[in-house]
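The structure appears below as structure tokens.
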Amino acid sequence: MTMTNVENFNRKTMSSREIAELTGKNHQHVLRDCDKLNEHYENLHLPKIGQMFSIRQLPNGGETKDRYFELSKMQTFDLMTGYSIELRIKVNRRWEELEAKALPQSEDEMLLLAMNTLAKRVEAQRQQLQILGGQNEQLVNEVKALAPKAAYTNEVLQSTSTYTMTQVAKELGMSAIALERELKDRGVMFRQSEQWLLYAKYQDKGYTRPRTHSYERKDGTKGTNTITV
């Protein structure tokens with residue numbers, strides 16, 4: 001398994017260029033459709049499709065910028081709504097392939113993914129320490145003292161294997177309030193003591209987990225709060 005395959009684990013978008021190739025459409029036409037879709041997103045106060053640029057070398061030695069978009073799965077489905085059934089099927093099958101590649105198939109692949117993730121964290125911490133190098137020794141010592149607590153928070157309390165209501169709602173192209181209302185209306189969850197909980201019918205499905213975090217009260221004492229993720 002190569003590092004490129006590991007990067008596929010984190011891939012959550014499809015480019016407008018790939019959509020053009022899959023559907024046989026001119027890329028300029030796909031860009032036009034993305035622009036129109038962004039207008040609707042703006043009217044609905046939804047996150048727009050991310051616009052990107054790549055540098056292309058010209059025969060005369062100059063450079064030009066080529067525009068393209070990176071679409072989430074939901075945005076791709078929104079775009080394909082106006083296309084023919086056959087084109088939608090092609091793009092849907094491509095998403096299926098991407099998501100299949102995004103799942104580790106063996107213990108070795110899972111270990112390699114974990115090592116790659118750890119390497120990225122170490123590099124990020126190294127860069128952060130370089131920035132802090134120009135500051136006083138007291139600040140560096142404070143960072144070292146907080147490191148174990150930060151690691152516990154990242155690895156245990158803030159596990160990336162779970163997502164908050166707001167994160168899920170964003171992926172679905174809606175607000176957290178709208179998602180909560182939908183789940184309540186469908187009889188999936190209810191709110192009790194400032195926390196969303198599953199009804200008994202769904203409690204043993206493994207859909208949610210509790211996440212605890214600490215906070216400081218106005219009087220300086222420490223408290224904890226539990227949310228459902």
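The values are calculated or read from the model by the stated rules, or taken from the named source; none is laboratory data. A quick note: this is a predicted structure, and the numbers were derived from the prediction, not measured. All Cβ positions, even for glycine, are placed from backbone atoms using ideal geometry, and neighbour counts span all protein chains on display. Each accessible area value is taken on the protein alone, full model and side chains, heavy atoms only, with ligands, DNA and RNA left out. Shrake-Rupley method; radii C 1.70, N 1.55, O 1.52, S 1.80 Å.
In segment 40-64, the residue that is farthest from SER15 (Cα to Cα) out of those that are surrounded by 10 or more Cβ atoms within 10 Å (Cβ to Cβ) and among the charged types (D, E, K, R) is GLU42. Would you check which residues across segment 207-224 are open to solvent by 60 Å² or more (accessible area, probe 1.4 Å) and either part of a strand (DSSP E or B) or closer than 20 Å to VAL168 by Cβ (or both) and list them? Hits for segment 207-224 are TYR207, ARG209, PRO210, HIS213, SER214, TYR215, GLU216, LYS222, THR224. Sub-9 Å Cβ pairs linking a first residue in segment 203-223 that is closer than 17 Å to LEU183 by Cα to a second residue that is among the hydroxyl-bearing types (Ser, Thr, Tyr) and surrounded by 11 or more Cβ atoms within 10 Å (Cβ to Cβ), at least 6 apart or interchain, are THR208/THR162; THR208/TYR202; THR208/THR228; ARG209/SER159; ARG209/THR162; ARG209/THR228, ordered by first then second residue.
The set of residues in segment 182-206 that are of a type outside the set (Ser, Thr, Tyr), in a helix (DSSP H, G or I) and farther than 25 Å from LEU37 by Cβ comprises LEU183, LYS184, ASP185, ALA200, LYS201, GLN203, ASP204, LYS205. Restricting attention to segment 79-96, the residues that are open to solvent by 40 Å² or more (accessible area, probe 1.4 Å) and in a loop (DSSP other than H, G, I, E, B) total 3. For LYS170, the requirement of being within 27 Å of HIS40 (Cβ to Cβ), at pLDDT 80 or above and not in a loop (DSSP other than H, G, I, E, B) is met. Scanning segment 196-229 for residues that are of a type in the set (Gly, Ala, Ser) and at pLDDT 85 or above yields a single hit, ALA200. ALA147 fulfils the conditions (1) at pLDDT 80 or above; (2) over 24 Å from the mean Cα position of the chain (by Cα); (3) surrounded by 11 or more Cβ atoms within 10 Å (Cβ to Cβ) except for a single criterion, (1). If you check SER16, SER84, SER72 for being of a type in the set (S, T, N, Q) and at pLDDT 90 or above, only one passes: SER16.
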